[in-house]
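One structure is given below, encoded as structure tokens.
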Amino acid sequence: MRKPLVAAFIALAIAGIGAAPAVAAPSTTAPTTTVAAKADAAAVKADTKAAATPTLQAVTLAGTVALSNCSGSVIRFPNSLSTDPALVLSNGHCLTSGFLDPGEVLTNQTSTRTFGLLNSSGTRVATLRASKLAYATMTDTDVSIYQLTSTYATIQSSYGISALTVQDTHPTAGAAITVASGYWKTLYNCNIDGFVYRLKEGDWTWKDSLRYTSACQTIGGTSGSPVIDQSTGKVVAVNNTGNEDGETCTENNPCEVDASGNVTVREGINYAQETYIIPACFTTGNQLNLSASTCTLPKP
């Protein structure tokens, strides 16, 4: 699991890595030809291809937060209102109290944890404070969600920063994504390589995990970073781990297990936990409701 690095020289060395916005998809230009009919046909073909290719957005650090030991983001759900208390998303293993046991779920616990809010360039513009830990678990997924003392409207009016919206549908393989780390103020750009039936690390097992292509070389401190789909600007997962040493199913060395029980180890590959199931578990006023008929998050 991606805990923070402690060497200051490493922070300096990587401070600029991946900090540029995600690159937009290149425009398609029809080939030049001396035959008008061929030119027209090529133009139509190019236009059709461009229409089928999603327009990629430049992802920034706006709305991400730095925790004391991890990364996170201010999030909202599709039905959240501007007057609702804002929420912060991170990992279950990023709690100040340490890792949760398999099967353990925490709900609605008082918290005064603070978060450093970043703007688009990664400058810390505010300190946000939690009123409670709404939900946390390391079972089936690896997630923590804090409720803040501030509303979305207050954050927007005071700092000009909007929350990131959590997508409520399953992400798509091949999609261009950005892992946005508030801890390191760094953006990692790659694609969704695929999905893992079960991802096992030490005592923990996570379901339907998201695997990155090799370009996303996330490091300690990126735990809890939002994984943002560049075509929608929405959060589709939360970054949480990677296989560092090529070991099999040990801590910091997760292994993939398919439906038949076959184990695959991918040294140097990193992973995230999908977030599309979370919105169904929150109701009016951004309040947790694990009893909702469509909520599938683990329950206490």
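A few notes on this one:
- Matching residues, the range 238-250, being of a type outside the set (Ser, Thr, Tyr) and in contact with a Phe, Trp or Tyr (Cβ under 9 Å, 6 or more places away or on another chain): ASN239, ASN240, GLY242, ASN243
- Residues being under 16 Å from GLY221 (Cα atoms) and assigned to a loop (DSSP other than H, G, I, E, B) - total across the range 107-132: 1
- Filtering the range 55-69 to residues that are open to solvent by 30 Å² or more (accessible area, probe 1.4 Å) and of a type in the set (S, T, N, Q) leaves THR55, GLN57, THR60, SER68.
- Spans of strands (runs of 3 or more DSSP E) in the range 133-234 with at least 2 residues within 21 Å of SER68 (Cβ to Cβ) and β-branched (Val, Ile, Thr): 143-151
- Set side by side, the residues ALA52, ALA42 differ, and just one is modelled with pLDDT under 95, more than 29 Å from LYS185 (Cα to Cα) and surrounded by fewer than 13 Cβ atoms within 10 Å (Cβ to Cβ), which is ALA52.
- Each residue in the range 70-116 was checked for being polar (S, T, N, Q) and open to solvent by 30 Å² or more (accessible area, probe 1.4 Å), and 11 of them qualify.
- Boolean, GLU247 is surrounded by fewer than 21 Cβ atoms within 10 Å (Cβ to Cβ), free of Cβ contacts under 8 Å to residues at least 40 places away in the same chain and of a type in the set (Asp, Glu): yes
Table: residues versus (1) open to solvent by 40 Å² or more (accessible area, probe 1.4 Å); (2) out of contact with any strand residue (DSSP E or B) (no Cβ under 9 Å at 6 or more places or on another chain); (3) among the small types (Gly, Ala, Ser); (4) more than 28 Å from ARG113 (Cα to Cα).
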| residue | (1), (2), (3), (4) |
| --- | --- |
| VAL125 | yes, no, no, no |
| ARG129 | yes, no, no, no |
| THR154 | yes, no, no, no |
| HIS170 | yes, no, no, yes |
| GLY174 | yes, no, yes, yes |
| VAL236 | no, no, no, no |
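- Single residue of the range 203-223 satisfying the filter (among the polar types (S, T, N, Q) and crowded, with 19+ Cβ neighbours inside 10 Å) that is farthest from CYS249 (Cα to Cα): THR222
The values are calculated or read from the model by the stated rules, or taken from the named source; none is laboratory data. Computed from a predicted model, the values in this text were never measured in an experiment. Cβ: placed from backbone, ideal geometry, glycine included. Neighbour counts: every protein chain shown. To get the accessible areas, we keep the full protein, side chains included, count just its heavy atoms, and leave off ligands, DNA and RNA. Shrake-Rupley method; radii C 1.70, N 1.55, O 1.52, S 1.80 Å.
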